[in-house]
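Every read-out reported here was derived from the displayed coordinates using simple, explicitly stated rules and does not represent laboratory data. Please read all numbers here as calculations on a predicted model, not as lab measurements. Reconstructed Cβ throughout: ideal geometry from the backbone, glycine too, with neighbour counts over all protein chains shown.
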Amino acid sequence: MGIPAREHVRQVQEYVRAHLSEQIAVAEIAQTLGLNASYLNTCYRTQTGESVSGCIRRMKIGRAAELLRGTEHSLAEICAMLGYFDQSHFSRTFRSVTGMTPGRYRAQFGARNCL
């Protein structure tokens with residue numbers, strides 16, 4: 001009997017958390033887990049309702065939001081910390097997940113605005 005699907009979900013999320021500072025590909029995660037990428041994505045989506053790439057995006061943008069709220073790191077520094085090499089791509093991704101640009105997010109939720 002194989003590993004339960006929920007264990008694959010845990011393994012994916014653990015892998016993503018451990019590699020947030022890198023570019024992460026679904027195929028890379030699948031290979032690490034000894035699984036076919038298509039199978040892993042189907043299994044993950046069935047269990048969570050989102051794709052593995054959606055998980056990667058959500059977790060990276062979640063970390064970016066934490067950094068925007070709690071640090072003075074520049075947007076370029078945050079991009080580099082999370083494995084994004086194109087700041088405009090990062091900004092578009094951030095906006096698609098949060099509904100606002102990174103600059104607006106920091107202006108609204110940054111530490112200086114929470115006194």
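Here are some notes:
- Checking each residue in segment 1-40 for being hydrophobic (A, V, I, L, M, F, W, C) and part of a helix (DSSP H, G or I) picks out Ala5, Val9, Val12, Val16, Ala18, Val26, Ala27, Ile29, Ala30, Leu33, Ala37, Leu40.
- Pairs are defined by a Cβ separation below 7 Å, a sequence spacing of at least 6 or placement on different chains, a first member in segment 23-35 that is touching a residue at least 12 places away in the same chain (Cβ under 8 Å), and a second member that is assigned to a loop (DSSP other than H, G, I, E, B) and of a type in the set (A, V, I, L, M); no pair meets this definition.
- Selection within segment 16-45 - within 26 Å of Ala80 (Cα to Cα) and surrounded by 18 or more Cβ atoms within 10 Å (Cβ to Cβ): Val16, Ile24, Val26, Ile29, Ala30
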